[in-house]
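Engineer: Sharing a structure, written as structure tokens. Questions coming.
The values are calculated or read from the model by the stated rules, or taken from the named source; none is laboratory data. The shown structure was predicted, so the numbers you read here are calculated from the model rather than taken from an experiment. All Cβ positions, even for glycine, are placed from backbone atoms using ideal geometry, and neighbour counts span all protein chains on display. Only protein heavy atoms, including side chains, enter the accessible area calculation; ligands, DNA and RNA are left aside. Shrake-Rupley method; radii C 1.70, N 1.55, O 1.52, S 1.80 Å.
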Amino acid sequence: MKSKLNLNFEIANRARACAHNISLEVQNFIDKHTTVSVERTICRLFGIDGVDKNGVPLPNIVVDNVYSKNALSKGIAYYLSNAMLITGLTPEEIAKEVSMGRIDLTEFKSIDEIDTIQNAIKTADNAIKIIKDNKEIRDKTLELYGDKEGPYLYVIVATGNIYEDITQAVAAAKQGADIIAVIRTTGQSLLDYVPYGATTEGFGGTYATQENFRLMRSALDDVGHKLKRYIRLCNYCSGLCMSEIAAMGAFERLDVMLNDALYGILFRDINMKRTLVDQYFSRVINGYAGVIINTGEDNYLTTSDAFEEAHTVLASQFINEQFALMAGLKEEQMGLGHAFEMDPDMENAFVYELSQAQMAREIFPKAPLKYMPPTKYMTGNIFKGQVQDTLFNMVSVMTNQKIHLLGMLTEALHTPFMSDRALSIENASYVFNSMKNLGDEIEFKENGLIQKRADFVLNEAYNLLMDIERDGLFNTLEKGAFGGIKRSRDMGKGLDGVIVKDDEYFNPFLELMKESSKK
């Protein structure tokens, strides 16, 4: 790609090298630790699902059985594999026995360590075939109907009732939406368990459960076949059950997942040690499943000034890119986030937004960038809001963004009506069609405002990354470099679920999935 911005890619390469070193230091910490949620994810991948008579998820019960004996450092796969070899039961049958108090997993001692490991690997290999089959279904459907050129139209549903969500999602697909994001109910990211079954009550969104995933996937497949299009499904793979939700999404063929530990640290006060370990395994799963991840850099601009703090977005994108690569995600699966959030009353705001969007596209040429609409300065004036969204749509198509979250003219008023979505889809479709090749026809003035802005933001991001490389990411988060929010490494939700790995710890899914993702 020829740079329209005349970017100094030597600076970009240095920034990327800093981000690699930052991520490598964190990865060294990750490799030495596991968490209760990572171990529950292994249970789910082994086929353990369901709840006991009190509604407690079986993966929680199994992991708590070992964790309560301070024995989880060897990994739940070791204990489940032992129990399978000794009892002849399946993992789910073992889980039910544990839930009824008839089995204590820590009482099973390995007869042969090699047999235990080989049995765990065999069980894991069989389990991930379901995910592989799902990936093939997606690929074949896209091959049958073709994939969309230009930005994907991404809309949200957030009724709190999965059946109402389905009604709205099907309507949005018929109106032209390409991605349906089911917004998760407020506060679910702070639950240290995953609710079970179909749900009809949620506040500001709908519970992320495997059954809800299955229901929505089925509905979108049905309408997609009628429309002869593949409709992608998105949910939230974040919070205290980040990797568990990744596994559930992989089993039910979700296509896009919001997946960013930094978001949870800054905006949900989740402990940084806990969520960075969880993020790694969740991204390994998403990488294997062919899922596109969305990162949350756009949220920085809702608490900080979008003009002054633009470099923090770019710095975080560099770091998220490196975290994703270390987990085996391809660049084509990295929906790095940014947003159209400058004050509309600022002179040349559109010009600066255009510069930054083009900069992100040139620095991350293969990434399906996630571009977020104006929200912070939406006032309830629907006519001005429609204009703001139109300008956002223009930047998106001119700079070749890929995941385009539609702005709503009623932002700041209420959860969108189906009619609001229809107007937003109509607006974006009109702009994308009438300006389809405008970006190809435009060159930017040499050393003009657009080029200078991009150069400034890139250099500021590089300077910040050098500081983070020197201090370490944990120290940087404690100082409040992102979003102006300070977090302590020894505080926050979920810290008690972080466990130092034993020398004999093993997770059979890590290598199986990462090796396959490379192919």
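Engineer: What figure, in Å² to the nearest 10, do you get for the accessible area of Asp269 with a 1.4 Å probe and non-protein molecules left out?
Structural biologist: Result for Asp269: roughly 50 Å² accessible.
Engineer: Rounded to the nearest 500, what is the chain's calculated 222 nm mean residue ellipticity when only DSSP H runs of at least 4 contribute -39500 (n - 2.57) each, over all residues?
Structural biologist: -17500 deg cm²/dmol
Engineer: Based on alpha-carbon centroids, what's the gap between the range 405-437 and the range 123-174 in Å, whole number please?
Structural biologist: 21
Engineer: Could you go through the range 28-37 in sequence order and give the Karplus-derived ³J(HN,Hα) for each residue, using 6.51 cos²θ - 1.76 cosθ + 1.60 with θ = phi - 60°, rounded to whole Hz, and x for Gly and Pro?
Structural biologist: 4, 5, 4, 4, 9, 9, 10, 9, 4, 6
Engineer: May I ask what percent, to the nearest 5, of DSSP beta bridges between residues of the chain are antiparallel? Don't jump to the answer; show the numbers that get you there.
Structural biologist: Details: 4 of 29 bridges.
Antiparallel bridges make up about 15 percent of those DSSP assigns within the chain.
Engineer: Let me ask something additional. Could you compute how much accessible surface Met418 exposes when probed at 1.4 Å, giving the result in Å² to the nearest 10?
Structural biologist: 80
Engineer: How far apart, in nanometres, would the label points at Tyr145 and Ser429 be if each is projected 7 angstrom from Cα along the Cα-to-Cβ direction?
Structural biologist: If labels sit at Tyr145 and Ser429, their model points lie 1.4 nm apart.
Engineer: Same structure again: Can you pull the semi-axes for the range 1-82, root of five times each eigenvalue of the Cα gyration tensor, sorted largest first, whole Å?
Structural biologist: 43, 17, 10
Engineer: Taking loop as defined by DSSP and a crowding limit of 11 other beta carbons within 10 Å, which trypsin sites (Lys or Arg not before Pro) in the range 61-111 fit?
Structural biologist: Arg102, Lys109
Engineer: Something else now. At a threshold of 8 angstrom on Cα-Cα distance, excluding pairs fewer than six apart, so keeping six or more, what relative contact order does the range 301-457 reach in percent?
Structural biologist: It comes to 23 percent, rounded to a whole number.
Engineer: Label the range 450-489 by shape, choosing from rounded, prolate and oblate, from the square roots a ≥ b ≥ c of the eigenvalues of the Cα gyration tensor; if a/c is under 1.5 it is rounded, and otherwise prolate applies when a/b is larger than b/c, oblate when it is not.
Structural biologist: Working: a/c = 5.72, a/b = 2.09, b/c = 2.74.
Taking the square roots of the gyration eigenvalues as a ≥ b ≥ c, the range 450-489 is oblate.
Engineer: Bin all alpha-carbon pair distances of the chain at 20 Å intervals from 0 and give each bin's fraction as a whole percent.
Structural biologist: Calculated over all Cα pairs of the chain, the distribution is 23, 56, 20, 1 percent.
Engineer: Count neighbours as other Cβ atoms within 10 Å of each site's Cβ, and list the trypsin sites (Lys or Arg not before Pro) in the range 178-270 that are DSSP loop with at most 12 such neighbours.
Structural biologist: Lys228
Engineer: Over the range 325-419, with the other protein chains present, what is the accessible area per residue in square angstrom, probe 1.4 angstrom?
Structural biologist: 36
Engineer: Report the one residue of Thr415, Ala481, Pro365 whose Cα lies farthest in the direction of the positive end of the charge dipole of the chain (charges on C-beta: Lys and Arg +1, Asp and Glu -1; origin at the Cα centre).
Structural biologist: With unit charges placed on the Cβ atoms, the residue in question is Pro365.
Engineer: Also: Set the bar at 31 Å for Cα to Cα. Now go through Lys402/Lys452; Lys53/Lys486; Lys32/Lys69; Lys132/Lys479 and name every pair that lies beyond it.
Structural biologist: Lys53/Lys486; Lys132/Lys479
Engineer: Mind running the shape call on the range 22-134? Use the C-alpha gyration tensor, a ≥ b ≥ c as the square roots of the eigenvalues: rounded below 1.5 for a/c, prolate if a/b tops b/c, oblate otherwise.
Structural biologist: rounded
Engineer: For the range 138-149, just list the computed ³J(HN,Hα) in residue order, Karplus coefficients 6.51, -1.76 and 1.60, θ = phi - 60°, integers in Hz, with x standing in for Gly and Pro.
Structural biologist: 4, 4, 5, 5, 5, 5, 5, 9, x, 10, 6, 8
Engineer: Where Lys and Arg each count +1 and Asp and Glu each count -1, what net charge lies around Asn65 among other residues with Cβ under 13 Å from its Cβ?
Structural biologist: Net local charge, Asn65 excluded: -2.
Engineer: At 1.4 Å probe size, put Glu511, Glu443, Glu164 in order of accessible surface, largest to smallest.
Structural biologist: Descending order: Glu443, Glu511, Glu164.
Engineer: Which percent of Cα-Cα pairs in the range 254-297 sits in each 10 Å bin, short to long?
Structural biologist: Taking all Cα pairs of the range 254-297, the binned fractions are 30, 53, 17 percent.
Engineer: Would you list, by chain and number, the aspartates and glutamates whose Cα falls below 12 Å from the Cα of Lys330, excluding same-chain residues fewer than 8 positions away?
Structural biologist: Result set, ordered by chain and number: Glu321.
Engineer: How large a share of the accessible area of the chain, in percent, is made up of carbon and sulfur atoms when the probe is 1.4 Å and the other protein chains stay in place? Before the final figure, lay out the partial values.
Structural biologist: Numbers: 10530 of 20760 Å².
It is 51 percent, rounded to a whole number.
Engineer: Quick one: net charge around Glu136, please, counting Lys, Arg +1 and Asp, Glu -1 for every other residue with C-beta under 11 Å from its C-beta.
Structural biologist: Working: positive: Lys129, Lys132, Lys135, Arg138, Lys140, Arg253; negative: Asp133, Asp139, Glu143.
Neighbourhood net charge equals +3.
Engineer: Further question on the same structure: Contact order normalised by length for the range 79-129, with contacts defined as Cα pairs under 8 Å and 6 or more residues apart; what percent is it?
Structural biologist: For the range 79-129, the relative contact order is 42 percent.
Engineer: Moving to a separate point now. Where Lys and Arg each count +1 and Asp and Glu each count -1, what net charge lies around Leu458 among other residues with Cβ under 12 Å from its Cβ?
Structural biologist: With Lys, Arg at +1 and Asp, Glu at -1, the neighbours total 0.
Engineer: Cross-link candidates for Lys376: which lysines have Cα within less than 20 Å, leaving aside residues fewer than 8 places away along the same chain?
Structural biologist: Qualifying lysines at Cα under 20 Å: Lys384.
Engineer: How would the range 124-187 be classified by its alpha-carbon gyration tensor: rounded, prolate or oblate, with rounded meaning a/c under 1.5 and the a/b versus b/c comparison settling the rest?
Structural biologist: Judged from the Cα gyration tensor, the range 124-187 comes out oblate (a/c at least 1.5, b/c at or above a/b).
Engineer: Going down the table (Lys74/Lys122; Lys148/Lys366; Lys74/Lys273; Lys2/Lys140; Lys135/Lys174), which pairs top 26 Å between alpha carbons?
Structural biologist: Numbers: Lys74/Lys122 18 Å; Lys148/Lys366 16 Å; Lys74/Lys273 19 Å; Lys2/Lys140 33 Å; Lys135/Lys174 24 Å.
Pairs exceeding 26 Å: Lys2/Lys140.
Engineer: Something else about it: Magnitude of the Cβ-charge dipole of the chain, K/R +1 and D/E -1, about the Cα centre, nearest 20 debye? Working shown, then result.
Structural biologist: On the way: 55 positive and 71 negative charges, 134 e Å.
With Lys and Arg at +1 and Asp and Glu at -1, about 640 debye.
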